[in-house]
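Engineer: First the structure, then my questions, so here it is.
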Amino acid sequence: MIHLHRIKGEELVLNADLIELIEATPDTVITLIDGRKIVVQESPHTVVDAVRRFRAGVLASAEAIRSQPADLLAFPGGKTDD
């Protein structure tokens, strides 16, 4: 999820996986995969950077979880492969 601002200043949080297209017309228009359009204050470059940082954070979190000892990752009451 990325934090952006509508033209009038209201903050919105957007699921970055739903972005299909970003245009500068001159306002930044984000087209979602379902065809809806959102106009935001941020430049296309800023939106792309926010998506990049979000995805890097997801990967870093996954790596941090993966590097945890196996007993910390087990579900409570779940069976292990031991």
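What follows draws every value from the coordinates through simple rules; no lab data is involved. Not measured: the values here are computed from a predicted model. When we count neighbours, we look across all protein chains shown, and the Cβ atoms used for this are built from the backbone with ideal geometry, even at glycine.
Engineer: What is the calculated FRET efficiency for ARG53 to LEU32, with r their C-beta to C-beta distance and R₀ = 22 Å, to the nearest 0.05?
Structural biologist: Using R0 = 22 Å, I get an efficiency of 0.65.
Engineer: Let me ask you something else. Cβ neighbours within 10 Å, averaged per peptide: list 41-52, 2-13 in order, most packed at the top.
Structural biologist: 41-52, 2-13
Engineer: Gain in length, ARG66 to GLU11, computed as 0.36 nm per residue apart minus the alpha-carbon separation, to one decimal in nm?
Structural biologist: Stretched fully, the ARG66-GLU11 segment lengthens by 16.5 nm.
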